[in-house]
Structures are given as C-alpha cells and as structure tokens.
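Contents: one structure, followed by commentary.
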Amino acid sequence: MPTASRLVAAVCLVVLAFIVSSMVIENGEEGKDYGYFTLVNMALGAICGWKIMGKRAGRGWTAGINNGLTGVASLIFWALFVQGCYEMFRLAMRNRYGGPFEAVMAIFQIGIEYGKQLIYPEILITFAIGSIVAGLATEQAKRQWR
C-alpha cells in the first residue's frame, strides 16, 4: 500500500544512489563506458526505499536511523550484486568462463572488485550522512502524514 513514508524513503535512496553513482564514475577508470550504471542504481534505490525502509517507518527516531542504515546497506548489496551479474553476463557472452560454476563465482569476485571502488572517504561519508538523513526523513514522513 502506498504511503508517504515509502515515497520519501524511495526518493531519498534514489537521490543517494544518483550522488554516489556519480562519485563512483568520477573516481573510476577513465574512458570506461558505464552505460546504465546510474539508472540501474537509482531503480534499485527506489525499490530498496519502498520495500525495505518504507514499511519499517514509525518505530521511533533511533529505529529511523537504523532503518536508514539498513536501507543503504541493502542498496549497496543489491547494487553490487546486480552490477556483478551484468558484468558476468557480458563476459560470459564473450566465452570468458569455462563453465557455469566459474561464471557464478565470478559474480562475487566482480562484486568485490566493484566494492573496492566504494572505499573512498568521500563516498563513505556520503553513505553515512545519506543513510541518517533518509532514515530521519522517512520517520518524519510517517509521523507527519499518517
């Protein structure tokens, strides 16, 4: 059921995904084509905000901050997994893997490599501030528009 808290959570995580995706592209390899990287991450942000954060709103301010941290952690997990799957599929179409098990293992290896791009202080600070703001905004939306 659509609620204001779900909408606010989704919008907050979409904005956070856009900002962090831009930072990752800026810090990434020069000349690399990122394609739909930002749009996919924004869609995942909307889904994580709507499904995870929105339904947990209304339990208090401390729980709101924890809700924001949980939402951002799930966004990071799903973004790394989806981007890893896409890259694995792209490489599999070029016959880079010896078998299906090797391809499935590559998803996690690629995800770890992408995760290393998130270990910059400005990105970590953005995640921390964004998760707190998203959690508190979602909590406020739940209290404001019941």
Check your understanding: helices (runs of 4 or more DSSP H) wholly in the stretch 27-146 with at least 2 residues that are among the basic types (Lys, Arg) and over 26 Å from Ser5 (Cα atoms) - which ones?
Key -> none
Check your understanding: Of the conditions (1) among the hydroxyl-bearing types (Ser, Thr, Tyr); (2) without any contact (Cβ under 8 Å) to a residue 12 or more places away in the chain; (3) farther than 30 Å from Glu139 by Cα, Thr62 fails just one. Which one is it?
Key -> (3)
Practice item. Restricting attention to the stretch 43-73, report how many residues are out of contact with any Leu (no Cβ under 8 Å at 6 or more places or on another chain) and surrounded by fewer than 19 Cβ atoms within 10 Å (Cβ to Cβ). Key: 13
**Study point:** Verdict on Asn95 being surrounded by 16 or more Cβ atoms within 10 Å (Cβ to Cβ) and among the polar types (S, T, N, Q)
**Key:** no
Check your understanding: Looking at this structure, is Leu39 among the aliphatic types (A, V, I, L, M), farther than 20 Å from Trp145 by Cβ and surrounded by 16 or more Cβ atoms within 10 Å (Cβ to Cβ)?
Key -> no
Revision key, fill the gap. So, first residue closer than 14 Å to Gln117 by Cα in the stretch 1-28, second residue of a type in the set (Asp, Glu) and in a helix (DSSP H, G or I), Cβ within less than 7 Å, six or more apart or across chains; the pairs are Met23/Glu122
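Table: residues versus (1) touching a helix residue (DSSP H, G or I) at 6+ places or on another chain (Cβ under 8 Å); (2) in contact (Cβ under 8 Å) with a residue 24 or more places away in the chain; (3) of a type outside the set (Val, Ile, Thr).
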site: Tyr34; (1), (2), (3): yes, no, yes
site: Gly58; (1), (2), (3): yes, yes, yes
site: Leu80; (1), (2), (3): yes, yes, yes
site: Met93; (1), (2), (3): no, no, yes
site: Gly99; (1), (2), (3): no, no, yes
site: Phe108; (1), (2), (3): yes, yes, yes
site: Ile132; (1), (2), (3): yes, yes, no
site: Thr138; (1), (2), (3): yes, yes, no
site: Ala141; (1), (2), (3): yes, yes, yes
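Quick note: the coordinates plus some simple rules give every number you see, no bench work behind them. What you see is a predicted model, and the numbers here were worked out from it, not measured in a lab. Positions of Cβ are generated from backbone atoms using ideal geometry, with glycine treated the same way; all protein chains shown enter the neighbour counts.
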